[in-house]
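Accompanying notes for the structure given below.
Rule-based calculations on the coordinates, nothing more; no lab input. All values reported here derive from a predicted model rather than from experimental measurement. We place every Cβ from the backbone using ideal geometry, glycine too, and count neighbours over all the protein chains shown.
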Amino acid sequence: MAALVEFRNVRYQAGGREVLRGVDLTVEENETVVLLGRSGSGKTTLLKMVNGLIAPSSGEVRFGGTPVNAQDPIQMRRRIGYVIQDGGLFPHWTVAENTGLVPTLERWPREKTEARVAELLNAVGLAPATYAARYPRQLSGGEKQRVGIARALAADPPLLLLDEPFAALDPVTRFGMQRHFAELRKAFGKTAIFVTHDIREALTLGSRIALLKDGAIETVASADEFARSTSSEARAFLATIEDGHAHP
Amino acid sequence: MLTREIGSMTLEHFWLVSISVLAAVAIAAPLAVWLARHARGRRWALGTVNIIQTIPSLALFGFLLPVPLIGGVGKRTAIIALILYALLPILRNTVAGILGVDAGVRESAIAMGMSEAQVLRQVELPLAMPMILAGVRIATVTTIGTATIAAAIGGGGLGTFVFRGIAMADSKTILAGAVPAAIMAIVADEVLEWVERRFSY
């Protein structure tokens, strides 16, 4: 396996605060690394360094073996899918137009874009005949996130970045989306970095879980190892799902 | 005779307003795009146009008269004053419209690999368009009213009747200017509101 994303001693200061204090992490091809942490732990900042939305104060982030700051940001971002909490869909564009954003930017021929959009809408469970011409305001929260994921996959990027994509959904929809996302990721063979504060989601989706606390990585572990972790922050997260639940 | 004069003065009024508003859009729109990205310049520029707006219109026309190059009696001075007044609503609404674009939408646009120009043209401006057009509508309607005062410095238009009527103490002549101006304002408001609706999503 090859490293697709590498963080090397990444630090970030903003407004006199140390947001990230020396993060080292490698994301291998075809795995899902979950960045788990409380609000303000620096997980979103770390994610946004991969596609260059935020630049580290010091240290280095590499994507595909090349430092992020040495790449053309526009070309690089078209090879990185990005999904955020409220979808970030363009309200004045239809579902089909939103989904075909990157193919359109890349000037694919129209028929190729349309075919790809239809393929992806089917893949995320939105029948193109019903949904292609709709506008985001005509969609439910879960449907918006499906379009967001379809849009992120459209130009077949090797890497997906997801920032709490399911956090605003009701628990039932969220559960369905998590299962569906795991299948999609596997089917399309994508590497993913997934930010969440939901331990259950982290255990379900993560090949590995990187736990952040106050801007530093507390532990990196597979889901099984994580459940046995003795780190106090890991125990604090695990306690939220252990308390009050019967164990067979 | 009077009917014919009303027709030509209405037309003159229409041109006075159209030229002023179009020039104000041409100045304010690019400036607003720049200001949306520069917070310090924004406070400065919006403060300045705000102050211009507080100057009574008759006084502004008076102030401009002795100014070299742009001043003097006539249409040019009138149009410059009208442009200055039209700037504020267009500038303020365009800036607010661009800044009002959802942060997640803008971030997604950048993160999906749009260039800065593409974000502006394909995302920010279309989403701000209803706000921008509302600014143009407000500017147009107020300019139609303010333009009647332009006649005081030789700007022509429907204000000519108003000032003539005042001088002659003849309310019929005043109405010959005031009524067409009011109708023009109402029609402009309706038409531009219709345009505005067509651009909302």
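Treating r as the C-beta distance of residue A:114 and residue A:187 and R0 as 30 Å, the FRET efficiency rounds to 0.90.
Take each residue of peptide B:84-93, count the partner chain Cβ atoms within 10 Å of its Cβ, and average: the result is 0. A straight line joining the Cα centroids of the range A:187-248 and the range B:73-114 runs 47 Å.
Normalising the average separation of contacting C-alpha pairs (under 8 angstrom, six or more residues apart) by the number of residues puts the relative contact order of the range B:62-201 at 26 percent. Remark: relative contact order (chain A) = 27 percent; criterion is Cα-Cα distance under 8 angstrom and separation of 6 or more residues.
For the pair residue A:58 and residue B:55, a Förster radius of 41 Å applied to the C-beta separation gives a FRET efficiency near 0.20, rounded to the nearest 0.05.
On full extension, the segment bounded by residue A:18 and residue A:135 gains 38.1 nm, given 0.36 nm per residue less the C-alpha separation. Converting phi to 3J(HN,Hα) with the Karplus coefficients 6.51, -1.76 and 1.60 and the offset θ = phi - 60°, the range A:53-70 yields 6, 10, 9, x, 5, 8, x, 9, 10, 10, 10, x, x, 10, x, 4, 6, 9 Hz in sequence order, with x at every glycine or proline. FRET efficiency for residue A:200 and residue B:18, Cβ-Cβ distance as r, R0 = 45 Å, nearest 0.05? Using R0 = 45 Å, I get an efficiency of 0.10.
Taken as Cα centroids, the range B:127-141 and the range A:61-126 sit 32 Å apart, rounded to the nearest whole angstrom.
Highest mean first, the peptides A:13-19, A:28-34 sorted by other C-beta atoms within 10 Å per residue fall in the order A:28-34, A:13-19.
The distance between label points at residue B:48 and residue B:29 comes to 2.1 nm (points 7 Å beyond Cα on the Cα→Cβ vector).
Ranked by the mean number of other Cβ atoms within 10 Å of their residues, highest first, the peptides A:149-159, B:187-197 come out as A:149-159, B:187-197. Take every pair of alpha-carbon atoms less than 8 Å apart whose residues are at least six positions apart; their mean separation over the length of the range A:91-210 yields a relative contact order of 26 percent. Dipole magnitude for the protein assembly as shown: computed about the Cα centre from +1 point charges on Lys and Arg Cβ and -1 point charges on Asp and Glu Cβ, it is near 940 debye. In a simple Cβ point-charge model (Lys, Arg +1; Asp, Glu -1; nothing else charged), the range B:61-175 has a dipole of about 460 debye relative to its Cα centre.
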